[in-house]
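A.B. asks: Mind having a look at this structure? Questions to follow.
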Amino acid sequence: MTDPSISRDLVENAMDAVQQVVHHVFDNQPAVPFHPTTDLLSLDEDEQEQIRRGEQANYRGRPTMSALSFCLTSAISLLAIAHSLIDQPDVLSPVERDQLWKKLAAETKVAGRAAYRAALILSDPGAEDGAYL
């Protein structure tokens with residue numbers, strides 16, 4: 001690998017650029033709703049269904065903005081992973097290494113789920129069957 005400090009700087013610049021896009025594009029826009037399934041499990045079925053219907057209506061009503069939001073969320077998570085991999089210490093205890101890999105796996109899940117949700121929205125922006133969940 002090349003100089004880690006240069007790579008770190010480039011990844012940080014990319015993260016800053018994506019954050020600027022998020023602020024520029026979504027500054028005057030309502031937030032794109034997303035509630036992880038694990039959060040919904042603490043609610044009763046009626047509340048879960050109400051939240052899901054609200055998310056679906058938003059995605060159908062604003063498919064481009066919704067997909068863009070999820071794509072940028074995925075990009076930010078992937079850049080955070082790259083940053084962590086570049087910036088990791090040379091020597092880690094087994095416990096520290098385990099914690100780092102669990103953190104990276106969690107970030108990868110966020111990135112993958114956001115990208116998948118964007119793909120669902122883009123593949124059928126008017127879907128009525130709940131394909132966005």
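The values are calculated or read from the model by the stated rules, or taken from the named source; none is laboratory data. Keep in mind that what you see is a predicted model, and the values were worked out from it rather than measured. Heads up, the Cβs are rebuilt from the backbone with ideal geometry, glycines too, and the neighbour counts pull from every protein chain shown. Accessible surface areas use protein heavy atoms only, side chains included; no ligands, DNA or RNA. Shrake-Rupley method; radii C 1.70, N 1.55, O 1.52, S 1.80 Å.
A.B. asks: Quick one: which of Val32, Val18, Val22 is among the aliphatic types (A, V, I, L, M), touching a residue at least 24 places away in the same chain (Cβ under 8 Å) and in a loop (DSSP other than H, G, I, E, B)? It would help to see each step written out before you state the result.
C.D. replies: Details: Val18 fails: in a loop (DSSP other than H, G, I, E, B); Val22 fails: in a loop (DSSP other than H, G, I, E, B).
Going through Val32, Val18, Val22 in turn, the sole match is Val32.
A.B. asks: If we scan the stretch 35-51, do we find a residue that is open to solvent by less than 90 Å² (accessible area, probe 1.4 Å) and touching a His at 6+ places or on another chain (Cβ under 8 Å)?
C.D. replies: yes
A.B. asks: To continue, here is another question. When the stretch 1-15 is examined, which residues are found to be part of a loop (DSSP other than H, G, I, E, B), out of contact with any helix residue (DSSP H, G or I) (no Cβ under 8 Å at 6 or more places or on another chain) and open to solvent by 90 Å² or more (accessible area, probe 1.4 Å)? I'd like the intermediate steps shown before the answer.
C.D. replies: Filtering the stretch 1-15 down to residues part of a loop (DSSP other than H, G, I, E, B) leaves 1-3.
The next check asks that each one be out of contact with any helix residue (DSSP H, G or I) (no Cβ under 8 Å at 6 or more places or on another chain); those that pass are 2-3.
Within the stretch 1-15, just Thr2 meets the criteria.
A.B. asks: OK, next. Condition (residue is part of a loop (DSSP other than H, G, I, E, B), of a type in the set (Ser, Thr, Tyr) and open to solvent by less than 60 Å² (accessible area, probe 1.4 Å)) applied to the stretch 59-76: is it met by at least one residue? Don't jump to the end; show me each part of the working.
C.D. replies: Step one: list which residues in the stretch 59-76 are part of a loop (DSSP other than H, G, I, E, B), which gives 62.
Remaining after also requiring of a type in the set (Ser, Thr, Tyr): none.
Looking through the stretch 59-76, none of the residues is part of a loop (DSSP other than H, G, I, E, B), of a type in the set (Ser, Thr, Tyr) and open to solvent by less than 60 Å² (accessible area, probe 1.4 Å).
A.B. asks: For Arg97, state whether it is surrounded by 12 or more Cβ atoms within 10 Å (Cβ to Cβ), farther than 24 Å from Leu10 by Cβ, in contact (Cβ under 8 Å) with a residue 40 or more places away in the chain and out of contact with any Cys (no Cβ under 8 Å at 6 or more places or on another chain). Steps first, answer last, please.
C.D. replies: Details: surrounded by 12 or more Cβ atoms within 10 Å (Cβ to Cβ): yes; farther than 24 Å from Leu10 by Cβ: yes; in contact (Cβ under 8 Å) with a residue 40 or more places away in the chain: no; out of contact with any Cys (no Cβ under 8 Å at 6 or more places or on another chain): yes.
Answer is no for this residue.
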